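What follows is calculated from the coordinates using simple rules that are stated; it is not laboratory data. Note that the structure is a prediction, hence the values are computed from the model and not measured. Neighbour counts run over all protein chains shown; Cβ positions are idealised from the backbone, glycine included.
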Amino acid sequence: MDDIRIGHGYDVHALGEGLPLIIGGVAIDHEKGFVAHSDGDVLAHALSDALLGALALGDIGLHFPDTSADWKGADSMELLGKVYAMVTSRGWTLGNADMTVLMQRPKLRPHIDRMRGNIARVLAVPVDRISIKATTEERLGFTGAEQGAAAHAVVLLMRG
C-alpha cells in the first residue's frame, strides 16, 4: 500500500467581536471572527494538517509557527498552497478531501460552494474532489456557545 496515504487534520480558533471571519478562503459577514496569528481560517488549517499528516511531515505550526512575524496575518489559503507544493514535490496528489466545519453561527451552507471552489483552485484539482459540510453541534460545547469554531479534514493522497 505504498501508493495511497490517508491524513486527518483538526483546527480550532476562538471567536472575538469585530474580527474578520474567513473560512475556506471566503470572507463571511458576521459580528465575530477568528482570534489568530494568521487569518485563522480553521478549514484551510485543518486541511493543511491533514495533507502534512498523510506524509508524516508534522503540522502547520511546525512549518508556519505562530511565533514568527513572517506569518502574522498570513492568508491561510496561501499557506495551504505552500503545503500542497510540499506534497506534490514528493510525488503525491490529492485523491479527495472531506471536511467538516463546526460552528453555531452563521449558517455556512450559502458559502460552501465558494469554499469548495477556492480550495479546488489552490490544490489544482476538480471541485468534485472537495467535500465540505457544516454542523452546529446543537448549542453544545465551545462551538455551540459561539466561543469558537473548529474544523476536521480527512484526505486521501495518491502517488503520482
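Brief remarks on what is shown
- Paired Rg and Dmax values of segment 26-117, which use every Cα atom, in angstrom: 13.9, 42
- When the Cα atoms of segment 66-121 are aligned to their principal axes, the ranges along those axes come out at 36, 33, 17 Å in descending order.
- Gyration tensor over the Cα atoms of segment 1-53: the corresponding equivalent ellipsoid has semi-axes (square roots of 5 times the eigenvalues, largest first) of 28, 10, 7 Å.
- Take every pair of alpha-carbon atoms less than 8 Å apart whose residues are at least six positions apart; their mean separation over the length of segment 41-160 yields a relative contact order of 37 percent.
- Descending principal axes extents, segment 77-160, alpha-carbon based, whole Å: 43, 21, 21
- Placing unit charges on each Cβ (+1 for Lys and Arg, -1 for Asp and Glu) gives the chain a dipole about its Cα centre, and among 148, 124, 87 the Cα reaching farthest toward its positive end belongs to 124.
- Kyte-Doolittle at least 1.0, axis length at least 30 Å by Cα - qualifying DSSP helices, the chain: none
- Hydrodynamic radius (Kirkwood) for the chain, which is based on Cα pairs only, to one decimal in Å: 15.6
- Sorting 50-58, 123-131, 24-32 by their mean Cβ neighbour count within 10 Å, with the most densely packed peptide first, gives 50-58, 24-32, 123-131.
- With helices as the sole contributors, the chain gives -9000 deg cm²/dmol at 222 nm; each DSSP H run of n ≥ 4 counts as -39500 (n - 2.57), and the sum is divided by every residue.
- Shown for the chain: lysine pairs separated by 8 or more places, or found on different chains, whose C-alpha atoms are under 20 Å apart, numbering 4.
- Under 5 Å from the amide H of residue 19 lie the amide H atoms of 33, each residue being 5 or more positions distant or on a separate chain, with H modelled from the backbone and absent for Pro and chain starts.
- The dipole here belongs to segment 35-160: it is taken about the Cα centre, uses +1 on the Cβ of Lys and Arg and -1 on the Cβ of Asp and Glu, and is about 380 debye.
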